[in-house]
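A.B. asks: Take a look at the following structure, please.
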Amino acid sequence: MEQVTLNIIDGMIITCYLVGIIGYGISKGKQKSSEDYFLAGRNLTWPIVGISLFAANIGSSTLIGLTADAFKTNIAVYNYEWMAAVVLIIFAIFFMPFYLNSKVYTMPEFLERRYDSRARYFFSIITIVGNVIIDTAAGLYAGNLILKIIFPELDSAIIITLLAIAAAAYTIPGGLSAVVHTEVIQAIILVMGSIALTYFCLDQVGGWSGMMAGLDALNQSGQLNKSSDEVFSLVGSINDPYMPWTGLVFGVPLLGFYFWANNQFMVQRVLSARDLNHGRWGALFAGLLKLPVIFIMIVPGVIAIVLFSDTDISGLNYLIPGSTGMVVCSQLSDCPNMTYPVLIYSLLPVGVLGLVIAGLLAAMSSSISATLNSASTLITMDFILKLKPNLSSKNLVTSGQIATVILVMLAAAWAPQIEKFSSLWEYLQLVLGFIAPPVVSVFLLGLFWKRANANGAFASLLGGLILSMILILSKINHWFPVINDIHFLHTAPLLLLACLVIHICFSLLSAPPSQEKIENMTWTKAIFDQETQELTALVWYKNYRNLAVLLLLLTALIVGYFI
């Protein structure tokens, strides 16, 4: 595959999109108060909430990561997507009422009300770091993968910097309102582009039957160690290197729970909902939007196995770590992160290519703007406001804007480090697997166990951090081979178990929390019964429980087909 040149029509489409979306974001970002800037005035309706959640999640890093992992591991990566629907239902039932009724700005602020300030600041720091090195940096890295092929003479640092400036251009002045309104447009473009790519992929391979026949042919020739039926199977054995069934049962829900129910940059959209019903409907809508991902974002990665496994891509000058330093990648199998770029540049016609690249840049800017805004919210509301409680609303907004500038610079500096991992998706899930367990522990016990206290929460967060750092350093320095060989989807639930034990022990060894800390902050059967009575006044299609059951049934049908 030779170096790619962009047609002038595609270039015009991309340029017009970037200019248009920045202008649109700025126009929608007018705010009168800090609540307008950080939470869009708490007035978002359910379609905006749902689409915004979906767009922030399916950023460029996720899109490229899904396709790359589908090329490497077949469709097992879809388990992360359908599981989101299940997690969002649990989130809507149990957690969302407490978040919205508390009127908090941030998730760390919620932990302070349930525990104390130690939990708040600890979790806030963890979240800010996670937002920078996971979400923002990965989004910039993914955008660099696409544009580096077109502009190989440009240094990656320059491309990443330009992408960061473009994403921050409307986030800094406009706040969350600008973010969510642009995300609606970006989600539409992203889905349209993904559908177009899937169509051309299937057309090139001879349709679904042609894809399955191609996979079987590769299996018979020994180039693929799975039949087409095995490729399209979501459940692996306990020793499966990519998705062991035990990891699917225990690890995937844990990572999903942190991402959807505890992560500031996702929950912030729900906090901005007009009321509880709109928040719940929006969350369920986001879960529904996740289900078609297998057809429009994962299947192209599987088709790449048939079409491009042996393709020479050295002409793209994509560098990967080698024994003698950075070397040019010659085969797609050696650099799966290039799966999506190879697909779009090889198969899409003029005009459609520009639309798809615009969609990818839309996804990148969605995820980056989301994380930048949420991280700046954390810095402003959890630290600056605490240090200077008398700051005016205008000064708080200014502080948030300054924080956004600093964060985007840090993310741009970190982004090139992601190249050291074998795939973008592996990087995302591996880091998330170490961050999530201690956080999930304090939220779960805080909501469902009245005896959980501040000492237990702080000990759990601190102990989880120490254990995570040991595991990360062990992987880097090969200290404990036995531990390093444990799949990260097994490591994460084991780490969660350790955090739960620490939390319980330290809580029992110290005084129980005050009534103020558990009243209206812990779930009870009485809350469920009261809600049941309130829901009787709604027509059936506005009752979120009915909608949740329908979503579960649809999820079961799709997942059942691929088991």
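A.B. asks: May I ask for the angle, rounded to the nearest 10°, between helix 454-477 and the longest principal axis of the chain, with both axes built from Cα atoms and the value confined to 0 to 90°?
C.D. replies: For 454-477 against the chain, the angle is about 20 degrees.
A.B. asks: With just the Cα atoms of the stretch 224-276, tell me how far they stretch along each of the three principal axes, in Å, largest first.
C.D. replies: Computed over the stretch 224-276, the largest-to-smallest principal extents equal 50, 20, 17 Å.
A.B. asks: Which aspartates and glutamates have a Cα less than 15 Å from the Cα of K148, not counting those fewer than 8 places away in the same chain?
C.D. replies: E2, E419
A.B. asks: Please list 96-103, 288-295 highest first by mean number of surrounding beta-carbon atoms within 10 Å per residue.
C.D. replies: The densest-packed peptide leads the list: 288-295, 96-103.
A.B. asks: In addition: Please list, in chain and number order, the residues 5+ apart from Q331 or on another chain whose amide H is under 5 Å from its amide H, with Hs placed from the backbone.
C.D. replies: For Q331, the qualifying residues are I313.
A.B. asks: Right, something else. Suppose R0 equals 25 Å. What FRET efficiency, 1/(1 + (r/R0)^6) with r the Cβ-Cβ distance, do S510 and I90 give to the nearest 0.05?
C.D. replies: The calculated FRET efficiency here is 0.25.
A.B. asks: Continuing with the same structure: Among the GluC sites (Glu not before Pro) in the stretch 477-563, which ones are in a DSSP loop with at most 13 other Cβ atoms within 10 Å of the Cβ? Mind listing them?
C.D. replies: E519
A.B. asks: Between the helical axis of 207-220 and the dominant principal axis of the chain, each derived from Cα atoms, what acute angle in degrees is found, rounded to the nearest 10?
C.D. replies: Around 80 degrees separate the two axes.
A.B. asks: How far apart, in nm, are the 7 Å Cα→Cβ label points at Q223 and H490?
C.D. replies: For the pair Q223/H490, the computed spacing is 3.3 nm.
A.B. asks: Here's another thing I want to ask about it. Helix 544-561 versus the longest principal axis of the chain: what angle, 0 to 90°, nearest 10, using Cα atoms?
C.D. replies: Its long axis makes an angle of about 30 degrees.
A.B. asks: List T5, T62 from most exposed to least, where exposure is judged by having the fewest other Cβ atoms within 10 Å.
C.D. replies: T5, T62
A.B. asks: List the aspartates and glutamates whose Cα sits under 12 Å from the Cα of K386, skipping any in the same chain fewer than 8 residues away.
C.D. replies: Partners within reach: E109.
A.B. asks: Kindly write out, for the stretch 382-395 in residue order, the coupling ³J(HN,Hα) from the Karplus curve 6.51 cos²θ - 1.76 cosθ + 1.60 (θ = phi - 60°), rounded to whole Hz, with x marking Gly and Pro.
C.D. replies: 3J(HN,Hα) across the stretch 382-395, in whole Hz: 8, 10, 4, 5, 5, 6, 10, x, 9, 5, 6, 4, 5, 5.
A.B. asks: From the phi angles alone, apply the Karplus equation (6.51, -1.76, 1.60; θ = phi - 60°) to the stretch 328-338 and give each ³J(HN,Hα) in whole Hz, x where the residue is Gly or Pro.
C.D. replies: Ordered by residue, 3J(HN,Hα) equals 6, 6, 9, 10, 4, 5, 8, 9, x, 4, 8 Hz.
A.B. asks: Something else now. Sort S272, S393 so the one with the fewest other Cβ atoms within 10 Å of its own Cβ comes first.
C.D. replies: S393, S272
A.B. asks: Separate question: May I ask which of K475/K517; K72/K475; K290/K394; K450/K542 have a Cα-Cα span longer than 27 Å here?
C.D. replies: Those over the limit are K475/K517; K290/K394; K450/K542.
A.B. asks: Write down the radius of gyration of the chain and its Dmax, each obtained from C-alpha positions, in Å.
C.D. replies: Final numbers for Rg and Dmax: 23.0, 71 Å.
A.B. asks: Through the Karplus equation 6.51 cos²θ - 1.76 cosθ + 1.60, θ set to phi - 60°, convert the phi angles of the stretch 154-161 into ³J(HN,Hα) values in whole Hz; use x for Gly and Pro.
C.D. replies: Along the stretch 154-161, the couplings run 7, 5, 4, 4, 5, 4, 4, 5 Hz.
A.B. asks: Now for a different question. Output needed: Cys residues of the chain lacking any neighbouring Cys C-beta below 4.7 Å, sorted by number.
C.D. replies: Singleton cysteines: C16, C201, C499, C505.
A.B. asks: Using helices alone, I'd like the mean residue ellipticity at 222 nm for the chain: each DSSP H run of four-plus residues gives -39500 (n - 2.57), total over residue count, nearest 500.
C.D. replies: After summing the helix terms and dividing by the residues of the chain, the value is -22000 deg cm²/dmol.
A.B. asks: Out of residues 5 or more away from L224 or on other chains, whose amide H comes under 5 Å of its own, with H placed 1.01 Å from N in the peptide plane?
C.D. replies: It is N219, by chain and number.
A.B. asks: What FRET efficiency comes out for the pair N546/R274, r = Cβ-Cβ distance, R0 = 22 Å, nearest 0.05?
C.D. replies: E(calc), rounded to 0.05, equals 0.60.
A.B. asks: Let me ask something else. Can you put R269, R274 in order of Cβ neighbours within 10 angstrom, beginning with the fewest?
C.D. replies: R274, R269
A.B. asks: Continuing with this model, one more query. Run the quick spin-label model on F562 and T536: label points 7 Å from Cα toward the beta carbon, then report their separation in nm to one decimal.
C.D. replies: Spacing of the two 7 Å Cα→Cβ label points: 4.1 nm.
A.B. asks: Specify the inter-centroid distance of the stretch 289-361 and the stretch 236-256, based on alpha-carbon positions, in whole Å.
C.D. replies: That distance is 26 Å.
A.B. asks: With a/c under 1.5 counting as rounded, go ahead and sort the stretch 477-563 into rounded, prolate or oblate using the C-alpha gyration tensor (a ≥ b ≥ c being the square roots of the eigenvalues; past the cut-off, prolate if a/b is larger than b/c, else oblate).
C.D. replies: Because a/c hits 1.5 or more and a/b fails to exceed b/c, the stretch 477-563 counts as oblate.
No value in this document is a laboratory result; all are computed from the given coordinates. No experiment lies behind these values; they were computed from the predicted model shown. Backbone-built Cβ (ideal geometry, glycine too); neighbour counts: all protein chains shown.
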